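Contents: one structure, followed by commentary.
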Amino acid sequence: MVQSSVLGFPRMGVNRDLKKANEAYWGGKISRDDVLAEGKRLRLAHWKIQKDAGVDIIPSNDFAFYDHVLDHIQMFNAIPERYSKHGLEPIDEYFAMGRGHQKDGIDVPSLEMVKWFDSNYHYVKPTLQDNQTFKLAADPKPVREFLEAKEAGITTRPVLLGPVSFLALGKADRGQSVDPITLLEKLLPVYVELLESLKKAGAETVQIDEPVLVFDLPEKVKAAFKPAYEKLSGSNLPKLVLATYFGDIVHNFDVIASVKHLYALHVDLVRNPEQLQSVLENLGSEQVLSAGVVDGRNIWKTNFKKAIELVETAVQKIGKERVIVATSSSLLHTPHTLDSEKKLPEEVKDWFSFASEKAVEVAVIAKAVTEGPAAVREQIEANAKSMQSRASSARTNNPDVKKRQQEVTPEQHNRKSEFPERYAQQKKHLSLPLFPTTTIGSFPQTKEIRIQRNKFTKGEITAEEYEKFIEKEIDDVIAIQDELDLDVYVHGEPERNDMVQYFGERLDGYVFTTHAWVQSYGSRCVRPPIIVGDISRPAPMTVKESKYAASKSSKPMKGMLTGPITCLRWSFPRDDVHQSVQAQQLALALRDEVVDLEAAGIYVIQVDEPALREGLPLRAGKEREAYLSWAVDSFKLSTAGVNDSTQIHSHFCYSEFQDFFHAIAALDADVLSIENSKSDAKLLKVFVDKAYPRHIGPGVYDIHSPRVPSEQEIKDRVEEMLQYLKPEQLWINPDCGLKTRQWKETKEALSNLVTAAKHFREKH
Ligand code: GLN
Ligand code: ZN
């Protein structure tokens, strides 16, 4: 029979229970035993959900209090001494690495956390020493949790991060120079020991994740697979299911083929269904295929017909016994259950499937293939109806939007003139000094702002009262900017809850959930809006506030928008049209907004694209260039509708442009503000090397910390920047928006910033 399997389940629980328990524990409100017990309760609940859904192969060790990579760091005793030397309880040592520890005379910052592949989940980076050793923890977590499930009557398949990925995703600690992959020999005995214990505990198969196989790997890493997996096979060890996801693995077949004795191979057939044929051809003669056909990264119902066809293709070639129906990746990236959504329109809700529903889907698909479609006729018919409803719904299809997209011309992507001509006009029009000062958009979102917004959402105050409140907030930030004597003002964004949600709520084609949280890192969850259909702008979204602000000051007022790629990336996108189509629809809606802002007298407009970089495909090459091409086009389409005298700004929360500088340059933004205060000013060299002609505001201080930078520090920073940028190119601004700061430090920091700018103005 064809079995069904889930690669991992979200950890938070139905009401973000894990977040609440962790935060209560960190805040000293519940005990260590309490938080551990809550973890146990959640694991059990999640196994039961999957069992009741009819899933044959249920994962264990997918649960983590903070992050699964961090679990491995601790389990292998790859714990830097600065954490281990205090003799903390294991769970406290674990949290210390995840989020830092500042208590009882101990003060250590956290380990570095970075994005997990191209998802919005963040993992803790293994941080290794030159003389690194590894030692398996007593009572290792995967064994403990396997037994815990077994006791509850559920046989699970433990999930481990494979040794090659564990090392390849790691780095040398500060002051160390070890190349992590050279530690493989030392690490393998620990894996062997762990696998032996799992086998003794009764685990027949183990899912071993090697997601780095979707990358273009350095030779050294490729060569590590064969020796590694030779050691990890033997009759005393469980059979291994090697799992890959978030991309195709065709370019690494030689590596996978070199690995003998693999019981099964898991591939992501949602992202790359076209790899199925070559995967089948390259599969070992007895190997099992785990076919990832249910999307672990999005919230759409699986199209049963298509998924069954894919699985059937595999079954015809290798037989039912050798095929497993699976989720494409762990379901970690999907919300817990659709049941919690009480406010979604019924029509739309019928198109969605969250983690608990996806567990049912793998089971149904497996049954359909095993016993024939008649065995699950009802489900298949209902599914076909949902697909039909979504495809033909007026919510998904807007002929006006489609027509407008067909009519987009190449010229619409380009400003009227080249930068020198534009700049000449802008200089006159805006009368900007040398070293102009500005901020990135938001000012502190005070408690009062949140209270009033809440009241308004709950209907406790009228729209008019709320509007008056926002106007007063704008008045205040303008008075403060007057006092500070900044050059280009902002209205402060007090009306915005979140930079994507705010726009999503004003655009047709979006829906919002009440409970669809997904883990971003540690206890932090995000609730992305969902793009369900063609996007259009029924009315201006930001003009009222910007216009009001402009009327209150004679200084140029900067309009503030979230760019098309950021809106797309920080939402759940549609899976029925290409992302480039969705980006273009967003771009057209924003283009109208930009033109309306200009007509309302806003002559500086910033379109933020902090998510541009994270959308970069994982492998360099054609795919990456294709992405950059449509991403750049959508930015240009959204901004190019204005006159030469209107200045377009863009903002990025990172300074690593080295690998896609050509795309940043192609945006043709008049001014770029970028995060730079924590990076080496040397990163700016790329602007010199490529003779970048336009203007740049590299952040002069870090806004993530309440620390106030001194005037001297800012001067020093600017001085460094001037080694790379011409004085007439340089803007003076903070790293990012100020919404998470308090007013006191904000004013002090900006006051120092303005004084520093004036100093350079005099000097040049
Ligand atoms: N304009 C936004 C702000 O100032 C930009 C936020 C961001 O880049 N993440 O808050
Ligand atoms: Zn930013």
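The values are calculated or read from the model by the stated rules, or taken from the named source; none is laboratory data. If you're wondering where the values come from, they're calculated on a predicted model, not measured in any experiment. Don't worry about glycine lacking a Cβ; one is built from the backbone with ideal geometry, like all the others, and counts go over all protein chains shown.
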So which residues in region 195-223 are farther than 25 Å from residue 267 by Cβ, assigned to a helix (DSSP H, G or I) and either among the β-branched types (Val, Ile, Thr) or in contact with a helix residue (DSSP H, G or I) (Cβ under 7 Å, 6 or more places away or on another chain) (or both)? 197, 201
Within the set of pairs 6 or more residues apart or between chains, which connect a residue that is within 14 Å of residue 565 (Cα to Cα) and within 11 Å of ligand 2 (Cβ to nearest atom) inside region 604-618 to a residue that is in a helix (DSSP H, G or I) and β-branched (Val, Ile, Thr) with Cβ atoms less than 9 Å apart? 608/566; 609/565; 609/566; 610/566; 611/565; 611/566
Which numbered condition residue 342 misses (of (1) closer than 26 Å to residue 45 by Cβ; (2) without any contact (Cβ under 8 Å) to a residue 40 or more places away in the chain): (2)
Is at least one residue of region 94-107 within 30 Å of residue 617 (Cα to Cα), without any contact (Cβ under 8 Å) to a residue 24 or more places away in the chain and polar (S, T, N, Q)? no
Among (1) under 29 Å from residue 98 (Cα atoms); (2) of a type outside the set (A, V, I, L, M, F, W, C); (3) at pLDDT 95 or above, residue 552 falls short only on (1)
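For every residue, the table says whether it meets (1) out of contact with any helix residue (DSSP H, G or I) (no Cβ under 6 Å at 6 or more places or on another chain); (2) more than 20 Å from residue 10 (Cα to Cα).
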{"site": "49", "(1), (2)": "no, no"}
{"site": "57", "(1), (2)": "yes, no"}
{"site": "64", "(1), (2)": "no, no"}
{"site": "80", "(1), (2)": "yes, yes"}
{"site": "89", "(1), (2)": "yes, yes"}
{"site": "95", "(1), (2)": "yes, no"}
{"site": "105", "(1), (2)": "yes, yes"}
Only one residue in 511, 500, 518, 490 is touching a helix residue (DSSP H, G or I) at 6+ places or on another chain (Cβ under 9 Å), of a type outside the set (D, E, K, R) and more than 30 Å from residue 534 (Cβ to Cβ). Which one? 490
Taking region 255-303 as the search range and keeping residues that are within 21 Å of residue 320 (Cβ to Cβ) and touching a Pro at 6+ places or on another chain (Cβ under 9 Å), which one is surrounded by the fewest Cβ atoms within 10 Å (Cβ to Cβ)? 263
Run down 577, 518 and say which single residue is more than 22 Å from residue 651 (Cβ to Cβ) and buried (at least 24 other Cβ atoms within 10 Å of the Cβ). 518
Pick out the one residue from 509, 492 that is within 16 Å of ligand 2 (Cβ to nearest atom), crowded, with 20+ Cβ neighbours inside 10 Å, more than 18 Å from the chain's Cα centre (by Cα) and touching a residue at least 40 places away in the same chain (Cβ under 8 Å). 492
Need a quick list: helices (runs of 4 or more DSSP H) entirely within region 451-559 having at least 1 residues that are within 30 Å of residue 711 (Cβ to Cβ) and touching a Phe, Trp or Tyr at 6+ places or on another chain (Cβ under 6 Å). 463-484
Restricting attention to region 403-426, report how many residues are exposed (fewer than 14 other Cβ atoms within 10 Å of the Cβ) and assigned to a helix (DSSP H, G or I). 7
For residue 614, the lone unmet condition from (1) surrounded by fewer than 24 Cβ atoms within 10 Å (Cβ to Cβ); (2) touching a His at 6+ places or on another chain (Cβ under 9 Å) is (2)
Of all residues in region 114-133, count the ones that are assigned to a loop (DSSP other than H, G, I, E, B) and in contact with a Pro (Cβ under 9 Å, 6 or more places away or on another chain). 7
Just wondering, is there one or more residues in region 717-728 that are within 16 Å of ligand 2 (Cβ to nearest atom) and not in a strand (DSSP E or B)? no
When only residues in region 629-667 that are among the aromatic types (Phe, Trp, Tyr) and either away from ligand 1 (no atom under 15 Å from the Cβ) or within 17 Å of residue 422 (Cα to Cα) (or both) count, which is modelled with the highest pLDDT? 630
What about residue 359, is it in contact with a helix residue (DSSP H, G or I) (Cβ under 7 Å, 6 or more places away or on another chain), among the small types (Gly, Ala, Ser), part of a helix (DSSP H, G or I) and touching a residue at least 40 places away in the same chain (Cβ under 8 Å)? yes
Which condition number in (1) away from ligand 2 (no atom under 16 Å from the Cβ); (2) modelled with pLDDT of 95 or more is the one that residue 731 fails? (1)
Residue within region 40-63 that is in contact (Cβ under 8 Å) with a residue 12 or more places away in the chain, charged (D, E, K, R) and surrounded by 21 or more Cβ atoms within 10 Å (Cβ to Cβ) present: yes
Residue hits (region 440-477; under 21 Å from residue 608 (Cβ atoms) and either touching a Pro at 6+ places or on another chain (Cβ under 8 Å) or not hydroxyl-bearing (Ser, Thr, Tyr) (or both)) are 440, 441, 443, 444, 445, 449, 453, 470, 473, 474, 477
For residues that are acidic (Asp, Glu) and within 16 Å of ligand 1 (Cβ to nearest atom), scanning just region 700-742, find the one that is surrounded by the fewest Cβ atoms within 10 Å (Cβ to Cβ). 702
Sort through 433, 444 and tell me the only one that's under 18 Å from residue 558 (Cα atoms), within 16 Å of ligand 2 (Cβ to nearest atom) and assigned to a loop (DSSP other than H, G, I, E, B). 444
Where the second residue is within 11 Å of ligand 2 (Cβ to nearest atom) and the first is of a type in the set (A, V, I, L, M, F, W, C) and lies in region 646-660, which pairs have Cβ atoms under 6 Å and are six or more apart or on separate chains? 652/610; 652/674; 653/610; 653/675; 653/736
